[in-house]
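The values are calculated or read from the model by the stated rules, or taken from the named source; none is laboratory data. Bear in mind that the values here come from a model prediction, so they are computed numbers and not experimental data. Positions of Cβ are generated from backbone atoms using ideal geometry, with glycine treated the same way; all protein chains shown enter the neighbour counts.
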Amino acid sequence: MSTQNIAPGATRPTLRQQLGARKPIEAFIAEAGNGTGDGPQLRRTLGLLHLTMISVGATLGTGIFVVLSSSVPMAGPAVWISFAIAGLAALFAALSYAEMAGAVPVSGSSYTYTYATMGEGLAWVCGWCLVLEYAVSVAAIAVGAGEYLNEMARALGVNLPAALTNPPGVDGGMFNVPALAIVLFATVLLVRGTKESAMVNTVLVFIKIAVLLFFIVIAFSAFTSGNFDPLLPMGTAGVSAAAARLFFSYIGFDAASTAGEEAKNPQRDLPRAIVLSMVIITTLYILVAIAAIGARQWTWFEGKSAALVQLLEEVTGQGWVALLFAAGAVLAIVSIVITVLYGQTRILVAMSRDGMVPAVFARISPRNGAPVAGTWITGGAVAVVAGLIPLGQLADATSIGTLFAFSLVSLAVIMLRRTQPELPRTFKVPLYPLTPILAVVFCGYLMLNLGATTWVVFGVWMIVGAAIYLGYGRRKSKLAAAWGTVPKN
């Protein structure tokens, strides 16, 4: 750890020293162990396919199934360009994640990378952003799944009561029971064990890819090139605003990096899984967006909560087609909930080991090697949020925290190259340092295109996080507790 300017005889750092204190990468790796350390540990059971499917599962479907309808009115027919812009920003960040995941193969993801390069203060900020990214995005995605469940029920001639299928303030809603049920289902699955949940997720991911390919084929059968004229009815500002919102669609590609301690060969497989997942996700997103706009004019999407289901029903005139797609969409979104909730619990494991959050989150079950208690706590809290808060507010709030965390990871690549150039790296970002710099620029650009309300929510979230750090994290920090015993480096 960094111990510059320590007062003689000091056993605890000042606030300034603690905020800048860096935890050595070797310490993270030693704590993670290889499954043979003291006490129950996370188990290495995941190969390249599982890791890739975790990232694809955590990402693919969110923007298409959930956020597309609200983004088309912002960008018009150029929404596919918005997907490409958001995907390019995500790709630059993904390359940075790939390098860091290969160099620091532990569970903490960007929280760990920031702690090792920029110090405890920014690590806490990053971890607090990740809490927003993972927990709130799970809730937002579950809300979207609830919308498709409603479409399934309507296709079967059943009208579910609005009071139990919408959050408060939305069409007479009181509590979104389907969203809560989906989160609780994912929680139960994760509690059973990592290997079991990874196998279920892999099956669900293949189903969701098949469902999206099915949509592309049907939508292209009704393709009209005139739907793309004019391409930019809302101008470039609309395209940028939609790209900022659609970045939410790429949240989750970093989920594989949270599995660093459960991968069989993390240095080799984590970078491959991250890059491969981004190629799959971006390709499918752009194809679906082009197919959707080609089948219907962009103004048609205004106000539609489950647009793709309704589009298929109109194009085919067959209710069973819409029912099949809605069922596939629900399964697809369930896989996102599973994998994103998985990532959240693993990040909390890393933060708990450092004393940043209560120790219960790092408690590993000796039966299945999973953080059972932390999963129940996280899943229960997210389920309540999913039942109470509307989707749009969740999506934008998640995007801003994620963009900030991605920026920190890209900066971490640069700092680690300078401070530890000899560190073994199984993957290096191409065109260094241009790639991580572009990642920071793109993320900053997208953040600036988010609304003022989103910035206010983010500011309040950061204030709450600072209060928790000063009141709990700073006092409980294990790095600070060991301050007087760790040699300078």
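Does segment 47-68 contain at least one residue that is at pLDDT below 75, more than 30 Å from residue 473 (Cβ to Cβ) and not in a helix (DSSP H, G or I)? The answer is yes; a qualifying residue exists. Per the listing 194, 114, the residue uniquely of a type outside the set (A, V, I, L, M) and either modelled with pLDDT of 90 or more or touching a His at 6+ places or on another chain (Cβ under 7 Å) (or both) is 114.
In the condition set (1) crowded, with 19+ Cβ neighbours inside 10 Å; (2) part of a helix (DSSP H, G or I); (3) touching a residue at least 40 places away in the same chain (Cβ under 8 Å), residue 352 is compliant with all but (3). Could you tell me whether any residue of segment 155-168 is closer than 28 Å to residue 362 by Cα and surrounded by 21 or more Cβ atoms within 10 Å (Cβ to Cβ)? Within segment 155-168, not a single residue is closer than 28 Å to residue 362 by Cα and surrounded by 21 or more Cβ atoms within 10 Å (Cβ to Cβ).
Going by what's in this entry, would residue 311 be described as surrounded by 20 or more Cβ atoms within 10 Å (Cβ to Cβ), in a helix (DSSP H, G or I) and among the hydrophobic types (A, V, I, L, M, F, W, C)? The answer is yes for residue 311.
Give 291, 326, 256, 244 a once-over and let me know the one that is over 30 Å from residue 167 (Cα atoms) and crowded, with 24+ Cβ neighbours inside 10 Å.
Of the residues listed, the single one that is over 30 Å from residue 167 (Cα atoms) and crowded, with 24+ Cβ neighbours inside 10 Å is 256.
In this structure, does residue 373 turn out to be in contact (Cβ under 8 Å) with a residue 24 or more places away in the chain and part of a helix (DSSP H, G or I)? No; evaluated as a whole, the condition is false for this residue. Taking the criterion of being over 30 Å from residue 471 (Cβ atoms) and not in a helix (DSSP H, G or I), the only residue of segment 85-125 that qualifies is 105. The single condition among (1) crowded, with 19+ Cβ neighbours inside 10 Å; (2) not basic (Lys, Arg); (3) not in a helix (DSSP H, G or I) that residue 303 does not meet is (1). Only one entry in 175, 228 is of a type outside the set (Val, Ile, Thr) and at pLDDT 90 or above, namely 228. Selection within segment 226-270: residues that are among the polar types (S, T, N, Q) and assigned to a helix (DSSP H, G or I). The member of this set that is nearest to the chain's Cα centre (by Cα) is 249.
For residue 385, are the conditions met, namely being assigned to a loop (DSSP other than H, G, I, E, B), within 21 Å of the chain's Cα centre (by Cα) and either at negative phi or not small (Gly, Ala, Ser) (or both)?
On the way: assigned to a loop (DSSP other than H, G, I, E, B): no; within 21 Å of the chain's Cα centre (by Cα): yes; either at negative phi or not small (Gly, Ala, Ser) (or both): yes.
Answer is no for this residue.
If a residue has to be farther than 28 Å from residue 415 by Cα and under 20 Å from the mean Cα position of the chain (by Cα) to count, how many in segment 452-469 make the cut? Of the residues in segment 452-469, 2 are farther than 28 Å from residue 415 by Cα and under 20 Å from the mean Cα position of the chain (by Cα).
Filter segment 70-83 down to the residues that are of a type in the set (Gly, Ala, Ser) and surrounded by 22 or more Cβ atoms within 10 Å (Cβ to Cβ), then identify the one that is nearest to residue 299 (Cα to Cα). Among those that are of a type in the set (Gly, Ala, Ser) and surrounded by 22 or more Cβ atoms within 10 Å (Cβ to Cβ), it is 76. Looking across 182, 251, one residue alone is surrounded by 19 or more Cβ atoms within 10 Å (Cβ to Cβ) and more than 24 Å from residue 283 (Cα to Cα). It is 182. Answer yes or no as to whether residue 389 is crowded, with 24+ Cβ neighbours inside 10 Å and not basic (Lys, Arg). Answer is no for this residue.
Name the residue, out of 206, 214, 223, that is among the hydrophobic types (A, V, I, L, M, F, W, C), surrounded by fewer than 23 Cβ atoms within 10 Å (Cβ to Cβ) and outside any helix (DSSP H, G or I). 223 is the lone residue from the list that is among the hydrophobic types (A, V, I, L, M, F, W, C), surrounded by fewer than 23 Cβ atoms within 10 Å (Cβ to Cβ) and outside any helix (DSSP H, G or I). Taken together, 131, 104 contain a single residue that is of a type outside the set (Ser, Thr, Tyr) and crowded, with 24+ Cβ neighbours inside 10 Å, which is 104.
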